[in-house]
1. Which of the numbered conditions does residue 110 fail, given that it passes all the others? Conditions: (1) of a type outside the set (Val, Ile, Thr); (2) farther than 23 Å from residue 133 by Cα; (3) more than 16 Å from ligand 1 (Cβ to nearest atom).
2. Can you tell which of 45, 89, 74 is within 15 Å of ligand 1 (Cβ to nearest atom), part of a loop (DSSP other than H, G, I, E, B) and charged (D, E, K, R)?
3. Quick one: in the range 48-71, which of the residues that are part of a loop (DSSP other than H, G, I, E, B) and within 14 Å of ligand 1 (Cβ to nearest atom) is modelled with the lowest pLDDT?
4. Answer yes or no as to whether residue 30 is at pLDDT 90 or above and either surrounded by fewer than 19 Cβ atoms within 10 Å (Cβ to Cβ) or closer than 25 Å to residue 130 by Cα (or both).
5. Find the residue count for the range 186-197, including only residues that are within 16 Å of ligand 2 (Cβ to nearest atom), in a helix (DSSP H, G or I) and farther than 16 Å from residue 77 by Cα.
6. I want to confirm something. Restricting to the range 118-168 and keeping residues that are among the polar types (S, T, N, Q) and within 19 Å of residue 42 (Cβ to Cβ), which single residue is surrounded by the fewest Cβ atoms within 10 Å (Cβ to Cβ)?
7. Restricting to the range 77-86, and then to whatever is touching a residue at least 40 places away in the same chain (Cβ under 8 Å) and more than 10 Å from ligand 1 (Cβ to nearest atom), can you tell me which residue is surrounded by the fewest Cβ atoms within 10 Å (Cβ to Cβ)?
8. If I ask for residues that are in contact with a strand residue (DSSP E or B) (Cβ under 8 Å, 6 or more places away or on another chain), touching a residue at least 40 places away in the same chain (Cβ under 8 Å) and within 13 Å of ligand 2 (Cβ to nearest atom), which ones from the range 39-74 would you list?
Amino acid sequence: SNSPPMQRRPITKQRFVADLSQCLFDFVIQLLPTPEEMAVKEDVRKLLERLIRTIEPDSRLLSFGSTANGFSLRNSDMDLCCLIDSEERLSATDLVTMLGDLLERETKFHVKPLPHARIPIVKLSLDPSPGLPLGIACDIGFENRLALENTRLLMCYAMIDPTRVRTMVLFLKVWSKRRKINSPYKGTLSSYGYVLLVIYFLVHVKNPPVLPNLQQMPPLRPISTEDTHLNGHNIWFFDDIDLLRQRWHSENTETVAELLIDFFRYYSRDFLYNTGVASIRAGLLKKESKGWQSEVTGNRYDSRERNRLCIEDPFETDFNVARCVTKDGLYTIRGEFMRASRILQTRPERAIVALAELCE
Ligand code: GTP
Ligand code: MG
């Protein structure tokens, strides 16, 4: 007969992205902390707060980082910050030493006080138990109000579009950990840095944007500089998310899979690594305009090593969140963005295969 030979057509893009979005949701959901884990962590926070109050009665212990911003994975560490509301208080160094002694005496934690670190902290860990099969790791710092505020900013971004933002961020956190490019101590990028890259992409790269710029929206009523500034940094942002959701809707209807594919393509090909600074506050800036380019200081080599990848902190604008990323680190990270982009371009028959390969 004349019928054409059977041909295996490649899976359509439409089917692949629908399938991949579903896989991403399913994948991320099983990595979320269990309610038990969250309850144990809250108990630990309360216990520690009670103990700290025996040293500083007017103190509060607040959680920040992933436990507080909605980007927490199972068994992620706990970041705690102690705020002291009285005028006369001990120095962070003394507090760290005293708290270290107290916790060593009164609790089962392994305790490591670092009173002379640039930012003094107490590091704690707890061995595995039935409620916490992988134990717990926790850092307690002092008076780190900027970290509490940037945590709140990230949380607000997550709340605007929980499905797309949280799925993307959580996936990138797992992916970057599995691919071993999430270690500032080894020259790659912190989770905080990856989260900022995602938000930058959703606010400033996508057109139409998936998220508004919360730091540039007009306030509902005038606010004095006193109320917007902390240690000289402008920490104001639009934080009435209920109201925002009534008034602002994204015109962008892309699925999480489409956004992820585009994210990897953007950071493997298009982002201007040599000259650009990703700023969620102000969009794409130039290294030059921030004094972050290579040839500016006498200490040429050092400055260049520190500013290979530039991500502006949303509030501490003179601070490069990616300052730990080395030449090799950036090479590896970009290589991983390219690898991910390539895997997703091939569109295997089943999206789950792509996902497994991405994270292997
Ligand atoms: P995992 O611990 O990997 O689950 O991620 P995380 O979301 O807790 O992020 P990470 O541990 O990288 O950072 C925790 C918090 O510390 C962030 O939410 C910030 O508030 C703060 N932080 C971390 N790195 C920096 C930094 O370089 N600059 C500033 N200002 N804050 C930082
Ligand atoms: Mg953390």
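The values are calculated or read from the model by the stated rules, or taken from the named source; none is laboratory data. If you're wondering where the values come from, they're calculated on a predicted model, not measured in any experiment. Every residue, glycine among them, receives a Cβ derived from its backbone with ideal geometry; neighbour counts consider all protein chains shown.
1. Tallying (1) of a type outside the set (Val, Ile, Thr); (2) farther than 23 Å from residue 133 by Cα; (3) more than 16 Å from ligand 1 (Cβ to nearest atom), residue 110 fails exactly one: (2).
2. Exactly one residue qualifies, and that residue is 74.
3. Taking the candidates together, the pick is 70.
4. In short, yes.
5. Taking the range 186-197 first, the residues within 16 Å of ligand 2 (Cβ to nearest atom) are 188-196.
Those left that are additionally in a helix (DSSP H, G or I): 191-196.
Adding the requirement that they be farther than 16 Å from residue 77 by Cα leaves 193-196.
Residues flagged as within 16 Å of ligand 2 (Cβ to nearest atom), in a helix (DSSP H, G or I) and farther than 16 Å from residue 77 by Cα within the range 186-197 amount to 4.
6. Ranking the qualifying residues of the range 118-168, first place goes to 129.
7. The selected residue is 83.
8. 41, 64, 65, 66, 68
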